[in-house]
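**Student:** For reference, the structure I am asking about is given below.
The values are calculated or read from the model by the stated rules, or taken from the named source; none is laboratory data. Just so we're clear, the structure is a prediction, and the values are computed from it rather than from any experiment. Backbone-built Cβ (ideal geometry, glycine too); neighbour counts: all protein chains shown. Side chains included, ligands, DNA and RNA excluded: accessible areas come from the protein's heavy atoms. Shrake-Rupley method; radii C 1.70, N 1.55, O 1.52, S 1.80 Å.
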Amino acid sequence: MPGSPEDSATNPQANDSARRRRWPWLLAAALVVAAALGYWAIERAGLFPGAQRAGGAESSGSDQGGTGQSGTGRPGATAGRAGPGGFGRGGPGGGDAARVMPVTVVAAERANVPVVLNALGTVTSLRTVTVRSQVDGQLLRVLFREGQLVKAGELLAEIDPRPFQVQLAQAQGQLARDRALLENARVDLERYRTLVKQDAASAQQLDTQQALVHQYEGVLKTDQAQVDNARLQLAYSRITAPFAGRLGLRLVDPGNLVRAGDATGLVTITQIQPIGVVFSLPEKDLATVLRRYRAGQSMTAQALDRDQRAVLATGRLTTLDNQIDTTTGTLKMKAEFANTDGVLFPNQFVNVRLEIDTLENAVVVPSAAIQRGSPGTYVYVVRSDNTVALRKVTLGPVDGERTVVGDGVAAGERVVVDGVDNLRDGARVEPIAKAAAERAATQAAAPRRRPSNAAFPRQQPH
C-alpha cells in the first residue's frame, strides 16, 4: 500500500511532504488553545467592563428580587462601584468637575497707562548735502577721513589757490590806478571851481570836470567789486563743511581737476544730530493727534528696534504733512530725536510708538489673561473660595504686556494667566502666584551642580 511504513522508509520525500502538511494544523491548534487560556485569565481578573456591568446588574437584580430594598433604598449603588468605562459617582464626567486644577494667577491693578499709536518709520536726516567745488582748479589736498564727524566750517579740501591769487592782485592793481585818477580829477575840479569864480574858466569846463569825477567814482566801484570777487574765488578754493554731520565716502581723489559744474561732487555730508523719523498713521487715528497738535501740546515719540523690545531713542512729534495719501489712507508725520549717542542712522527702519494721551488710574491685567471665544472677550477670575468665574470684559489700550480693562474686573481681583485650557465657569482651582511659578520654573531649569572630586576621592593604586 502507498501509506505503509515500508514505503515511508523507502521514500523520504513522501515522508517530508506529510510532515509539512501537519505543521499548519498543529500551529492553528496551539493558537486556539493560547487564545482560550488568555481569555479565561482576563475574564478571571475582571478586566472586561462588560462582564462587570453584567455581573453587577445580575447582583442588583437578585438583591431586588430577594429583599425588594436594593433598587429603592440605594439607587445607583452598584453603578457607583463600576470599574473603568462605567459611569462613576456623579454621572459621566463627574471626576473632572471635582478635580482641582493648578493655575497661575496675577492680581489686577491700577496704573497710569499711556495711549500709544504704533507705526513703521524711516530715519531721515534733517539735512543732506553733496559738497561740490564752486571754482575750477586742481584738487591739491583732501583733509578729511571717510565717515568722519565734522563741525560746521571745518576745512575739508583745498584747490590750487595760485590762479585766484593772481586775479586778486590784478584787481587790486586796477583799483589802485583808478583811485589815483579819481583823486587827480577831484583836485582839478576844485581848481576849476576857483577859476570859474575868478572868471578865468567857463562853466562848461567846470561841468565837464564834474562829470569826469563821477565817472572815476563809478570805475572805482567796479574795481572794488572785482577785488571782492577775486577774494571770493580765492576763498572758494578752500572747501569747508556747511554744517556739522557725518561724511560719506570720498568721491574724488587729490590731483584731479575739479569743476564747479561737476555732478558727483567731492563728498556727501549728512546731519545726524538731531535726526528725524518719518512715519505714517491711518486717518482713523488722526483726531486725537490733530487736536493735541493744534493745541500746541507736545507728543512723545519713541523709536524702537525691529523686535519692539529696546527703545533706541526718545523724541517728540514736530511736523504733520498737509494732505492724506489717497492710495494708503495715511498721513505722513515727522518726529525729531536728539540722537546724541548716534544710535539712529539715516534710512534705518524703526518701529515708532507715539504717545498721544494717558489714562490715569486705569485697571490693567496681563494680556495673557485675555481670552476670546463664543462668549466674546473674557477672563477667568478666581473667587475667594478658589473657584473661577467667567467674566466678560471690555478692552482698552494695550501697553506692552498689559491691557486696560474697561469693566468686568476690579482692581485686586485675581485673574488666570496660565492653565485656562480646561477651565469652566465654577471650576475649583489651586491658584499659584505668577512670581512663585516663575521662581519654581527657574529653580527647576537651573543645571545641577556636579559633585566635586573631594566627595569621591581617588583610590591610589597599591
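**Student:** Anything in the stretch 120-148 that is surrounded by fewer than 16 Cβ atoms within 10 Å (Cβ to Cβ) and not in a loop (DSSP other than H, G, I, E, B)? List them, or say none.
**Tutor:** Those that are surrounded by fewer than 16 Cβ atoms within 10 Å (Cβ to Cβ) and not in a loop (DSSP other than H, G, I, E, B): LEU120, THR122, THR128, THR130, GLN138, LEU140, ARG141.
**Student:** Now, a different point. Identify, please: which residue in the stretch 95-115 is open to solvent by 20 Å² or more (accessible area, probe 1.4 Å) and in contact with a Ser or Thr (Cβ under 9 Å, 6 or more places away or on another chain) and is, among those, farthest from ALA260 (Cα to Cα)?
**Tutor:** ASN112
**Student:** Just to be sure before I move on: is ASN184 part of a helix (DSSP H, G or I), among the polar types (S, T, N, Q) and at pLDDT below 95 in the structure I sent?
**Tutor:** Against the criterion (part of a helix (DSSP H, G or I), among the polar types (S, T, N, Q) and at pLDDT below 95), ASN184 qualifies.
**Student:** Find the strands (runs of 3 or more DSSP E) located wholly in the stretch 364-430 whose residues include 1 or more that are of a type in the set (A, V, I, L, M, F, W, C), and list them.
**Tutor:** Where strands (runs of 3 or more DSSP E) fall fully within the stretch 364-430 and carry at least 1 residues being of a type in the set (A, V, I, L, M, F, W, C), they are 376-382, 388-392, 395-399, 402-405, 414-418.
**Student:** Oh, and also: Is it true that MET299 is open to solvent by less than 40 Å² (accessible area, probe 1.4 Å) and farther than 12 Å from GLY276 by Cα?
**Tutor:** Spelling it out, MET299 is indeed open to solvent by less than 40 Å² (accessible area, probe 1.4 Å) and farther than 12 Å from GLY276 by Cα.
**Student:** How many residues, within the stretch 154-168, are within 14 Å of ARG246 (Cα to Cα) and either open to solvent by 50 Å² or more (accessible area, probe 1.4 Å) or touching a helix residue (DSSP H, G or I) at 6+ places or on another chain (Cβ under 6 Å) (or both)?
**Tutor:** Final tally of qualifying residues: 1.
**Student:** In addition: Cβ contacts < 8 Å: first residue on the phi > 0 side of the Ramachandran plot, restricted to the stretch 150-165; second residue in a strand (DSSP E or B) and surrounded by fewer than 18 Cβ atoms within 10 Å (Cβ to Cβ), any location; separation 6+ or different chain. Result?
**Tutor:** Partner pairs satisfying both residue conditions: GLY153/THR240.
**Student:** Being of a type in the set (Ser, Thr, Tyr) and in contact (Cβ under 8 Å) with a residue 40 or more places away in the chain narrows it down to one residue among THR340, THR326; which is it?
**Tutor:** Result: THR340 is the single residue among THR340, THR326 that is of a type in the set (Ser, Thr, Tyr) and in contact (Cβ under 8 Å) with a residue 40 or more places away in the chain.
**Student:** Can you say whether THR314 is open to solvent by 70 Å² or more (accessible area, probe 1.4 Å) and assigned to a loop (DSSP other than H, G, I, E, B), as far as the supplied structure shows?
**Tutor:** no
Residue-wise test of (1) touching a residue at least 12 places away in the same chain (Cβ under 8 Å); (2) closer than 24 Å to ARG292 by Cβ; (3) out of contact with any Lys or Arg (no Cβ under 8 Å at 6 or more places or on another chain).
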position	(1), (2), (3)
LEU354	yes, yes, yes
ALA389	yes, no, no
LYS392	yes, no, yes
LEU395	yes, yes, yes
ARG402	yes, yes, yes
ASP407	yes, no, yes
ALA410	yes, no, yes
VAL416	yes, no, yes
LEU423	yes, no, yes
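**Student:** Does the stretch 370-391 hold any residues that are of a type in the set (Lys, Arg) and either within 31 Å of the chain's Cα centre (by Cα) or open to solvent by less than 20 Å² (accessible area, probe 1.4 Å) (or both), and which are they?
**Tutor:** The one that is of a type in the set (Lys, Arg) and either within 31 Å of the chain's Cα centre (by Cα) or open to solvent by less than 20 Å² (accessible area, probe 1.4 Å) (or both): ARG372.
**Student:** Here's another thing I want to ask about it. Please count how many residues of the stretch 326-348 are open to solvent by less than 70 Å² (accessible area, probe 1.4 Å) and more than 21 Å from GLY245 (Cα to Cα).
**Tutor:** The number of residues fulfilling the criteria is 4.
**Student:** Within the stretch 407-421, does at least one residue satisfy the condition of being crowded, with 19+ Cβ neighbours inside 10 Å, under 26 Å from the mean Cα position of the chain (by Cα) and at pLDDT 90 or above?
**Tutor:** So far as the stretch 407-421 goes, yes, one or more of its residues are crowded, with 19+ Cβ neighbours inside 10 Å, under 26 Å from the mean Cα position of the chain (by Cα) and at pLDDT 90 or above.
**Student:** Restricting the first residue to the stretch 231-254 and requiring it to be on the phi < 0 side of the Ramachandran plot and among the hydroxyl-bearing types (Ser, Thr, Tyr), which pairs with a second residue that is surrounded by fewer than 15 Cβ atoms within 10 Å (Cβ to Cβ) and not in a loop (DSSP other than H, G, I, E, B) meet a Cβ separation below 6 Å and a spacing of at least six or different chains?
**Tutor:** THR240/LEU155
**Student:** Can I ask one more? Counting only residues that are assigned to a strand (DSSP E or B) and farther than 30 Å from GLN138 by Cα, how many does the stretch 254-304 have?
**Tutor:** 13
**Student:** Continuing with the same structure: Going through ASN118, ASN112 one at a time, which residue ends up being closer than 30 Å to ALA433 by Cα and either out of contact with any helix residue (DSSP H, G or I) (no Cβ under 8 Å at 6 or more places or on another chain) or among the acidic types (Asp, Glu) (or both)?
**Tutor:** ASN112
**Student:** To continue, here is another question. Among the residues of the stretch 140-155 satisfying the criterion of being touching a strand residue (DSSP E or B) at 6+ places or on another chain (Cβ under 7 Å) and not aliphatic (A, V, I, L, M), which is nearest to PHE345 (Cα to Cα)?
**Tutor:** This residue is GLY147.
**Student:** Filter the stretch 205-247 down to the residues that are surrounded by 18 or more Cβ atoms within 10 Å (Cβ to Cβ) and closer than 30 Å to ASN339 by Cβ and list them by number.
**Tutor:** Once the filter is applied, which keeps residues that are surrounded by 18 or more Cβ atoms within 10 Å (Cβ to Cβ) and closer than 30 Å to ASN339 by Cβ, the stretch 205-247 yields ILE239, ALA241, GLY245, ARG246, LEU247.
Okay, residues lined up against (1) at pLDDT 90 or above; (2) open to solvent by 80 Å² or more (accessible area, probe 1.4 Å):
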site	(1), (2)
GLY261	no, no
GLY265	yes, no
PHE279	yes, no
LEU290	yes, no
GLN308	no, yes
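**Student:** Taking the condition of a type outside the set (A, V, I, L, M, F, W, C) and over 30 Å from GLY153 (Cβ atoms), does GLN215 pass?
**Tutor:** Here the answer is yes, as GLN215 does meet what is asked.
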